[in-house]
Amino acid sequence: MNPFKKEIYYISANKLSMGINCPFKLYLNLCHVQPKHFDNKYTSAGSAVHKYMEDMFTEGAHDFDYYVNGMYQPEENRPLYVVPEEMYDRVKTCISNGTKWFNGYSFDCEKPFNVELKTPKGRKVMLNGFIDAINDEVIYDWKTGKKVTTKDDYKRQAAVYYYVAEPKRKVIFKSLLDGSEFTVTKQHPNYIPSLCDQYIDRLEMHEFDRNINALCRFCEFRTEYCYSGAEYDYFPLEIHELIKR
Ligand code: SF4
């Protein structure tokens, strides 16, 4: 009998994708490791553009400064993020394209989902996450980098959105920077449930190998924890603790 077996496994779309793409990164995340020297210029630029798109479809967008200076968090007495000046051109281009291509459309934004599924190995999973923009026909996920068509990790994330959307809508990952996109319109019904099995198997077997890949240069753990040669045993966490997360 497997001592780690759970009645139900809660998996976020983010972690599922991360765990399949790089198990070592998933492990560091599950251990809540906080890198000290991460340059978050790409993520802060992405946050500014996402907030702009959300406002455009809901309450109406503010001016450029509002987004690059980050939303003030009164409860934490600091901004959520601040975009460095070197990223201003990227944010401006994305905001300008987003307005040109999508202003006037109607979407629900940052929509949460929580979907129960059964895996081929018989596990019950609750898959959860957020969708950037959704209406009756389509789901959009906004990207702020170039060439979204070449990234397998994005294709897996898109597959999760397609799986959880009911009734099915096409899913489009769209770069607001260069206009590149890819679309998911069909999928084997067992694709996502099988990925969930793969994810849980890795946790249960404590398999957290590195996968050096195209997204490493954006990874917050790259210099401090990964390329430095740290092994996951540096962050000892019992397997029963991991499986709870
Ligand atoms: S740098 Fe690459 S290999 Fe290392 S943890 Fe991040 S994604 Fe994984």
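The values are calculated or read from the model by the stated rules, or taken from the named source; none is laboratory data. Because the structure is predicted, anything quoted here is derived from the model rather than measured. Note: ideal-geometry Cβ built from the backbone for every residue, glycine included; neighbour counts use all protein chains shown.
The C-beta contact set for the stretch 1-22 (first residue farther than 18 Å from residue 194 by Cβ, second residue modelled with pLDDT under 90 and assigned to a helix (DSSP H, G or I), distance under 6 angstrom, 6+ apart or interchain) comprises 4/204; 4/243. Please specify each residue of the stretch 154-197 satisfying the condition of being of a type in the set (Lys, Arg) and under 26 Å from residue 5 (Cα atoms). Matches in the stretch 154-197: 156 only. Check off (1) closer than 26 Å to residue 165 by Cα; (2) exposed (fewer than 15 other Cβ atoms within 10 Å of the Cβ); (3) within 16 Å of the ligand (Cβ to nearest atom) for residue 6 and give me the number that stays unchecked. Every condition holds for residue 6 apart from (3). Looking only at the stretch 112-148, residues that are of a type in the set (Lys, Arg) and closer than 19 Å to residue 184 by Cα come to 3 in all.
Quick grid of which residues meet (1) among the β-branched types (Val, Ile, Thr); (2) outside any strand (DSSP E or B):
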position	(1), (2)
128	no, no
146	no, yes
154	no, yes
163	no, yes
173	no, no
177	no, yes
183	yes, no
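Would you check if there is a residue in the stretch 159-169 being touching a residue at least 24 places away in the same chain (Cβ under 8 Å) and touching a Ser or Thr at 6+ places or on another chain (Cβ under 6 Å)? Checked the stretch 159-169: no residue is touching a residue at least 24 places away in the same chain (Cβ under 8 Å) and touching a Ser or Thr at 6+ places or on another chain (Cβ under 6 Å).
For the stretch 142-170, which residues satisfy the criterion of being of a type in the set (D, E, K, R) and surrounded by 20 or more Cβ atoms within 10 Å (Cβ to Cβ)? Please lay out each step first, then the result.
Start the filter on the stretch 142-170 by keeping residues that are of a type in the set (D, E, K, R), which leaves 143, 146-147, 151-153, 155-156, 166, 168-170.
If the condition is that a residue be of a type in the set (D, E, K, R) and surrounded by 20 or more Cβ atoms within 10 Å (Cβ to Cβ), then 143 is the only one that fits.
Can you spot a residue in the stretch 95-104 that is hydroxyl-bearing (Ser, Thr, Tyr), modelled with pLDDT of 90 or more and in a helix (DSSP H, G or I)? Checked the stretch 95-104: at least one residue is hydroxyl-bearing (Ser, Thr, Tyr), modelled with pLDDT of 90 or more and in a helix (DSSP H, G or I).
Mind listing whichever residues of the stretch 132-162 are among the β-branched types (Val, Ile, Thr), within 11 Å of residue 173 (Cα to Cα) and at pLDDT below 95? Explain how you work it out, then say what you get.
We begin by selecting, within the stretch 132-162, every residue among the β-branched types (Val, Ile, Thr); these are 134, 138-139, 144, 148-150, 160.
Cutting the leftovers down to within 11 Å of residue 173 (Cα to Cα) gives us 138-139, 144, 148-149.
Scanning the stretch 132-162 gives 144, 148, 149.
For the stretch 199-217, taking the residues that are outside any loop (DSSP other than H, G, I, E, B) and surrounded by fewer than 14 Cβ atoms within 10 Å (Cβ to Cβ), the one that is nearest to the ligand (Cβ to nearest atom) is identified as 217.
Residue pairs whose Cβ atoms lie under 8 Å apart, sitting 6 or more positions apart in sequence or on different chains, and linking a residue in the stretch 177-194 that is of a type in the set (A, V, I, L, M) to a partner that is exposed (fewer than 14 other Cβ atoms within 10 Å of the Cβ), are 177/146.
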